[in-house]
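Quick notes on the structure that follows.
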Amino acid sequence: MHEMSLAQNILEIVQDTMSREKLNGPGKLREVAVQVGELVAIVPESLEFCFNVLTENTELSGAQLKIEILPLTADCQDCRQQFHVADFVFSCPHCQSNKINIIQGQELIIRHLEVV
């Protein structure tokens, strides 16, 4: 279950950011919004569960993890069409070329922290 290690990494970044930025004093974390690419292959409910387990009985307890899944998108080098990579079939649905560039869907981005 790689969701646990992802949740740990997210929390490390959140804690580092909060301590570095001091975020207007000792505020309480209310929400962490993340974007996760489809190719990362997480189960959102599992990531949220792991996040909740790791924050339980800490200063971050009660914070919500909001997850947005970014579609796996590619660009065909032959016909220049952009398309959603469905079912992990890495060929262009327009011209059937295998010469594609992944342009979205591999990332994990912390979009924002809400601290009150």
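The values are calculated or read from the model by the stated rules, or taken from the named source; none is laboratory data. Just so it is clear, the structure is predicted and the values come from calculations on it, not from any experiment. Every residue, glycine among them, receives a Cβ derived from its backbone with ideal geometry; neighbour counts consider all protein chains shown. What goes into the accessible areas is simple: the full protein's heavy atoms, side chains included, and nothing from ligands, DNA or RNA. Shrake-Rupley method; radii C 1.70, N 1.55, O 1.52, S 1.80 Å.
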Checklist outcome for this item: Amide H contacts under 5 Å for K28, restricted to residues at least 5 apart in sequence or on another chain and with H modeled in the peptide plane, are V116
Checklist entry - Over the alpha carbons of the chain, what is the largest minus smallest coordinate on each principal axis, giving the biggest first in Å? => result 55, 28, 16
Item to check | Heavy-atom accessible area per residue - the chain, 1.4 Å, Å² | outcome: 61
Checklist entry - Projected onto the charge dipole of the range 7-68 (+1 at Lys/Arg Cβ, -1 at Asp/Glu Cβ, origin at the Cα centre), which of T58, S19, P44 gives the Cα projection farthest towards the positive end? => result S19
Checklist entry - Taking the radius of gyration and the Kirkwood hydrodynamic radius from Cα positions alone, what is the Rg/Rh ratio for the range 35-75, to two decimal places? => result 1.12
Item to check | Net charge over other residues, Cβ less than 9 angstrom from the Cβ of A33 (K, R count +1; D, E count -1) | outcome: -1
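Using the Cα centre of the chain as the reference point, and only Cβ charges (+1 on K/R, -1 on D/E), how large is the resulting charge dipole? Debye, rounded to the nearest 20.
300
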Item to check | Whole-percent carbon and sulfur share, accessible surface of the chain, 1.4 Å | outcome: 49
Item to check | Sequence-distant residues sharing a close amide H with I100 (under 5 Å, placed H) | outcome: Q77
Checklist outcome for this item: Nearest-0.05 FRET efficiency for Q15 and I103 at R0 = 30 Å, using Cβ-Cβ distance, is 0.45
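Excluding H84 itself, what net charge comes from residues whose Cβ is under 13 Å from its Cβ, given Lys and Arg +1 and Asp and Glu -1?
Around H84, the surrounding residues sum to -3.
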Checklist outcome for this item: 1/(1 + (r/R0)^6) with r = Cβ-Cβ of H94 and E45, R0 = 30 Å, i.e. FRET efficiency to nearest 0.05, evaluates to 0.30
Next on the checklist: Suppose we keep just the DSSP beta bridges with both residues in the range 23-116; what percent of those would be antiparallel, to 5?
Outcome noted: 65
Checklist entry - Around E48, what is the net charge, scoring Lys/Arg as +1 and Asp/Glu as -1 over all other residues with Cβ under 14 Å from its Cβ? => result -4
Item to check | In order through the range 55-66: 3J(HN,Hα) via Karplus (6.51 cos²θ - 1.76 cosθ + 1.60), integer Hz, x for Gly, Pro | outcome: 8, 4, 6, 10, 5, 9, 4, x, 5, 9, 9, 9
Item to check | Residue-by-residue Karplus 3J(HN,Hα) for the range 34-50, coefficients 6.51, -1.76, 1.60, Hz, glycine and proline x | outcome: 10, 10, 10, x, 4, 6, 5, 6, 9, 9, x, 5, 5, 5, 5, 4, 4
